[in-house]
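A.B. asks: Shown below is the structure under consideration.
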Amino acid sequence: MERILLGTLLLIATAVGMEALAWLIHRYLLHGPLWFVHRTHHRPQRGFWEWNDLVALFYAALSAGLVVLGLPTLGLPFWVGLGIALYGLLYFWLHDLIIHQRIRVRYRTRWRYLQRLIRAHKIHHKQLNARPAEAYGFLYAPRRYQPSGPGAAKH
């Protein structure tokens, strides 16, 4: 039981830590030397898939590999892999479904945090070049991006 509890804490810590790692990778690699891949995400979409989806496939492969590696003993790689997968699921739900609507989902939110996240991401995407840009987070947006007014960011 203690092993499961510690594993669950590691899973949560990994998922939270992934936001910091994703911010760094987004800021310094995707808007840097890997811009040639990420640029497809900042342009109008021409079909369902974009080159930037390779980044998600990399994380998925890493996650699956760690889960398989750690499965026999339910060791550290297993829980880290599940943490990466949890982050990936949250990313997919918020970023791909809610913000970019890659699969059309009708929703309307009064949740102010989600409004803030949507606004921060829209500000990030106003820039069509690697630099300058802002708001590199995926699941976290500082308060300065909070929209104001009664009809702010309703979807």
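Nothing in this text is a laboratory measurement; each read-out follows from the coordinates by a stated rule. Everything quoted here is computed from the prediction, not taken from an experiment. Note that we place each Cβ from the backbone using ideal geometry, even for glycine, and neighbour counts take in every protein chain shown.
A.B. asks: Give me the number: length gained by fully extending Leu29 to Gln127, i.e. 0.36 nm times residue separation minus the C-alpha to C-alpha distance, one decimal in nm.
C.D. replies: Numbers: separation 98, 0.36 × 98 = 35.28 nm, distance 1.63 nm.
Full extension from Leu29 to Gln127 adds 33.7 nm.
A.B. asks: Could I ask something else about it? What distance in nm separates the simple spin-label points at Leu90 and Ile4, each placed 7 Å from Cα in the Cβ direction?
C.D. replies: 2.3 nm
A.B. asks: With an 8 Å cut-off on Cα pairs and a minimum separation of 6 or more residues, tell me the relative contact order of the stretch 67-155 in percent.
C.D. replies: Numbers: 76 pairs, mean separation 22.8, N = 89.
Result for the stretch 67-155 is 26 percent.
A.B. asks: Label the chain by shape, choosing from rounded, prolate and oblate, from the square roots a ≥ b ≥ c of the eigenvalues of the Cα gyration tensor; if a/c is under 1.5 it is rounded, and otherwise prolate applies when a/b is larger than b/c, oblate when it is not.
C.D. replies: Values: a/c = 2.02, a/b = 1.47, b/c = 1.37.
Prolate, since a/c reaches 1.5 and a/b exceeds b/c.
A.B. asks: Figure the gain on full extension for Glu134 and Gln45 (residue separation times 0.36 nm, minus the Cα-Cα span) and round it to one decimal in nm. Don't skip to the end; give the middle numbers.
C.D. replies: Details: separation 89, 0.36 × 89 = 32.04 nm, distance 2.09 nm.
Full extension from Glu134 to Gln45 adds 29.9 nm.
A.B. asks: Sequence gap at least 6, Cα distance under 8 Å: using those rules, report the relative contact order of the stretch 1-127 to the nearest whole percent. Could the numbers behind the result be given before it?
C.D. replies: Working: 88 pairs, mean separation 32.8, N = 127.
Contact order relative to length: 26 percent.
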